[in-house]
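Novice: The structure under discussion is supplied below as structure tokens; questions concerning it will follow.
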Amino acid sequence: MKASPSARSWIAAGVRHELLTRALPALRHDMAAPVSVIRMALLMLKRQVGAATIDAAACEERVALIDNQVAELVNAIRSLRDWELATTDDGITRSALVAQCMALMRSAFDLHGVTLDTGPDLEPRDGEARRPAAAALRYLFLGVLGYLHDGAAEAGTIRVEADGADALRFTALPREPGATHAVLDAHRAPRALAIDAVALQSLAEDMGYMVEVDGDSVRFALGD
């Protein structure tokens, strides 16, 4: 029986949930790191205030550090809104999309023996156009990375390159002969939750994009 539009939307929602789950360790780190710095700064500030002679300059330095880290923490918490499809956003440039998503997944992929590589034509540049629907593009980008990561068992590198003025091409390249295989395969998604071609297409269609899958290569246009 053919899936109803509602069922297809639930499939896409499930894929987005899986992708967010994979990105959470990096998001959690971005929020936990400032907390650690704040705790250390407060400890040092407490010692300085309790000293026989208070060093006002040192105290001001610690307070400034705490203030800076609180701002970092607030920004990290606010960034969670970037994952809400219903939230209107200001769009995103192609280079920023690539940089954000690669940073989110680089450590996890490294643990599996997979290197993420970006083409030189995706460096930020002045006057770069912003694409609408940053949240949708972020999910789709991560979906393609997940598809190549889960499906190309012998991939050693996933390379992302510009394809024309408004598209991206992802290619899974095989490991070099003799290269070490993934060291933490136990942390891969269970096979039932792997991002396959059906899951990727369902995600793209639900958000109004098209992906072109050709073996270990995927292309998608970012839209205007």
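The values are calculated or read from the model by the stated rules, or taken from the named source; none is laboratory data. Predicted model only: the values in this text are computed from it and were never measured. Positions of Cβ are backbone-derived with ideal geometry, glycine not excepted, and every protein chain shown enters the neighbour counts. Please note that ligands, DNA and RNA were not included when accessible areas were found on the heavy atoms of the full protein model with its side chains. Shrake-Rupley method; radii C 1.70, N 1.55, O 1.52, S 1.80 Å.
Novice: In percent, what relative contact order does the chain have, based on Cα pairs under 8 Å that are 6 or more apart in sequence?
Specialist: Result for the chain is 22 percent.
Novice: Per residue, how much accessible area does the chain show when a 1.4 Å probe rolls over the protein heavy atoms, in square angstrom?
Specialist: About 57 Å² of surface per residue is accessible.
Novice: Within the range 63-103, find all residues whose amide N lies under 16 Å from a label point positioned 7 Å from the Cα of Ser9 along Cα-to-beta-carbon.
Specialist: Counting only backbone N, you get 85-87.
Novice: OK, next. Given points 7 Å out from each Cα along the Cα-Cβ axis, report the Glu84 to Asp55 separation in nanometres with one decimal.
Specialist: Output for this residue pair reads 4.4 nm.
Novice: For the chain, list the DSSP H helices whose alpha carbon atoms reach 18 Å or more along the long axis and whose average Kyte-Doolittle value is -0.5 or above? Could you put the intermediate results ahead of the total?
Specialist: Details: long enough: 5-49 (63 Å, 0.34); 56-78 (33 Å, 0.39); 94-111 (26 Å, 0.79); 134-151 (25 Å, 0.91).
What comes out of the filter, once short or polar helices are dropped, is 5-49, 56-78, 94-111, 134-151.
Novice: If you compute Kirkwood radius over Cα pairs in Å for the structure shown, which of (i) 19.0; (ii) 22.0; (iii) 19.7 do you land on?
Specialist: Given (i) 19.0; (ii) 22.0; (iii) 19.7, the calculated one carries the label (iii).
Novice: Another one. Just Leu97, Leu116, Leu42 to compare: in a GNM of the chain, with alpha carbon springs under 10 Å, which one fluctuates most?
Specialist: Greatest mean-square fluctuation among the candidates belongs to Leu42.
Novice: Per the helix-only calculation at 222 nm, which mean residue ellipticity applies to the chain, given -39500 (n - 2.57) for every DSSP H run of n ≥ 4 and division by its residues, nearest 500 deg cm²/dmol? If you can, show how the numbers build up before the last one.
Specialist: Values: 5 runs with 114 residues, N = 224.
That calculation yields -18000 deg cm²/dmol at 222 nm.
Novice: Could you identify which residue out of Ser79, Ser202, Ser95 has the top mean-square fluctuation in a GNM of the chain using Cα springs shorter than 10 Å?
Specialist: Greatest mean-square fluctuation among the candidates belongs to Ser79.
Novice: Using unit Cβ charges (K, R positive; D, E negative) and no other charged atoms, how large, in debye to the nearest 20, is the dipole of the chain about its Cα centre?
Specialist: Using Cβ point charges on Lys, Arg, Asp and Glu, the chain gives about 760 debye.
Novice: If you don't mind, there's one more thing I want to ask. Percent of accessible area on the chain owned by carbon and sulfur, 1.4 Å probe?
Specialist: Answer for the chain: carbon and sulfur cover 57 percent of the accessible area.
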